[in-house]
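The values are calculated or read from the model by the stated rules, or taken from the named source; none is laboratory data. Worth saying up front: this structure is predicted, and the values here are computed from it rather than measured. Ideal geometry is used to build each Cβ from the backbone, glycine not excepted, and the neighbour counts take in all protein chains shown. These area figures cover heavy atoms from the full protein model, side chains too; ligands, DNA and RNA do not enter into them. Shrake-Rupley method; radii C 1.70, N 1.55, O 1.52, S 1.80 Å.
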Amino acid sequence: MSGAEAPGGPASAAPSRVFRHPAFAYFWSATTIRAFGGAIAGVAFQVLIVTIVNATPMQISILNALGVVPYLFFGLIIGALMDRWRRQRTLVLTTIGRAVTLAVIPVLLLLDALDFWSLAAVILVLGVLTLFADSAAQPLLPRIVPRGSLVMANARLGQSQTVAETVGPALGGALFNLVGAPILFAFEAVINAIAAILQSHVKVVEPKPEPRPAGRHVGHDIAEGMRYTYQHPTLRPLALSVHVWFLGNSIVGTVFAVFVLRELALPSWAFGVALAVGGVGGFAGAMIAPRVGSWLGAGRAILVGRVLVVIPWLALALAPLTAHSGVGVVLAVVAAAQFLYCLAMGIEDTNDISYRQSVAPDGIQGRMNSTIRTVNRVVFFFGALLTGLLMTLFGYQLTIGIGAGMFVIAVLVIVFSPLRDARHEDATS
C-alpha cells in the first residue's frame, strides 16, 4: 500500500467529497466550533486583562508573551512525541484539558480570586494544551482523508477559521457585555467539551510506531526531523521561505494597528471594518485555493500567495497618507490592503500546509510540522521585539517597507528553488 493510499482511500478520490468521510466531518465540526470559541475567548481575555485584572502595560506584555512561550521551549519535543503517540487520543485529551482549564476562570471570578498570577497560570496552561492540540491535529489530517483530498480539506478548515476570526471578536465583545465574564467562560468550557466529544468520534487507523533502538532518545528523533525538513529538496525552500515570511509578518503585524490608529487617526469602528474586509478576503482566498493549486501546481500557488502579500504592505509603505487624508480615503486604502493580504494568505496557507502533509511520510509528520512551526514562532517572537526598535529609529511607514522587503525575500527563495515547479499530485503519488 502506498503512502498516498494509507490514510483511508485512494489518492485519486474526488477532492470535493471530503465531507463524505465521516471522520473528516467530525474533525471539521470540532475544529470549527473550537475556532469560534477561540476567537470569542481571545476578545474576552483581553477585556478581562484590562478591566478586571487591571494589568499594567508590562503585565499585559507578559500575558501576551505566555501564548508563545510553550512553542519556544516545548515545540520540538511535542512534535517528536506526536510521531509516537496516538494523535487522535492526544487531540481529545487536550481539548478536555482546555475545557477544564477554561472552567476554572468562572470559579476564580466568583470567588474574587482572579489576579495577574492566577490568570498567567491559566494562559500558560492553555498555551501548552493548544500546542499539544495543534501538534496532533496537523499530522492527523493525512490519516483522516486521502492525500489527494488534502487541499480541499485544508481549504474547508481555512474557510471556517477565517469566518471565526471575522465574526468571533465582535460576538465575543457583545457576549461579554451581555452575559458577563463568568457565564461567557463557562460557555467556552462547554464549547470545548462538545469539541472533545466530536473528536472522540473521529475513527482513524494509527499504526504503532516501531520501538526506538537501544540508546536512541527523543533528542535523536528531533534531530532526525530537522534533518529531514532542511535536507529535503522542496521542503527546505518551503520552510526557509515561510520563516522569512514570518519575520516580515511579525514586523507588519506589530506596526499595523499603531500606524493606522495613531498615525492615520482611523476611528476604531473603521479599523474594525477594515479587519472585517480582510476576513472576506481570507475566505475568498481559501475558496479559490484548491482551484489555484490544481491549475498552477502547489509551488506556483504558494508563490502567487507570497507575491500578493508584498503588494498591500508596499502600498501602505509608499502611500502618501496622513491623518488629514480623510476617514473615507484611509479606510478605503487600509481595507483594500487587508483584503489583498488575507486573500493571499488564504491561497498560500491551504496549498502550503497541504503540500507539507502530502510530501512527508506519516512517521515524520509531527516532527516536520513542529520544526517549521517552532522556528516560525521563534522568528515571530524576536521579529516583534525588533519592530519596536525599527519604529523608534525609522518611523512607521519605513518599518512597514522593511516588512515588505522581507516578503520579497520570501518570494525569491521560492523562485530560485525546485519548490517553484512542485505539484500536489507529484507529492501524493
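Helix screen, the chain: DSSP H segments with Cα axial length of 20 Å or more and mean Kyte-Doolittle hydropathy at least -0.5 are 22-47, 87-110, 116-144, 150-179, 181-200, 235-258, 268-296, 298-318, 327-359, 365-394, 396-415.
Counted residue by residue at 0.36 nm each, then reduced by the alpha carbon distance between them, the extension gain from residue 62 to residue 262 reaches 69.7 nm. Placing 308, 119, 412 in order of accessible area, with the largest value first and a 1.4 Å probe, yields 412, 308, 119.
Of the chymotrypsin sites (Phe, Trp or Tyr not before Pro) found in segment 138-216, no site is in coil according to DSSP while having at most 16 other Cβ atoms within 10 Å of its Cβ.
Relative contact order of the chain: what whole-number percent is it, with Cα pairs under 8 angstrom and at least 6 residues apart? Walk me through the numbers before you get to the answer.
Numbers: 668 pairs, mean separation 117.4, N = 429.
Relative contact order, the chain: 27 percent.
How do 42-51, 188-197, 147-156 rank on mean C-beta neighbours within 10 Å, highest first? The partial results should precede the final answer.
Details: 42-51: 17.2, 188-197: 20.1, 147-156: 26.8.
Final packing ranking: 147-156, 188-197, 42-51.
What separates the Cα centres of segment 285-316 and segment 83-151 is a distance of 30 Å.
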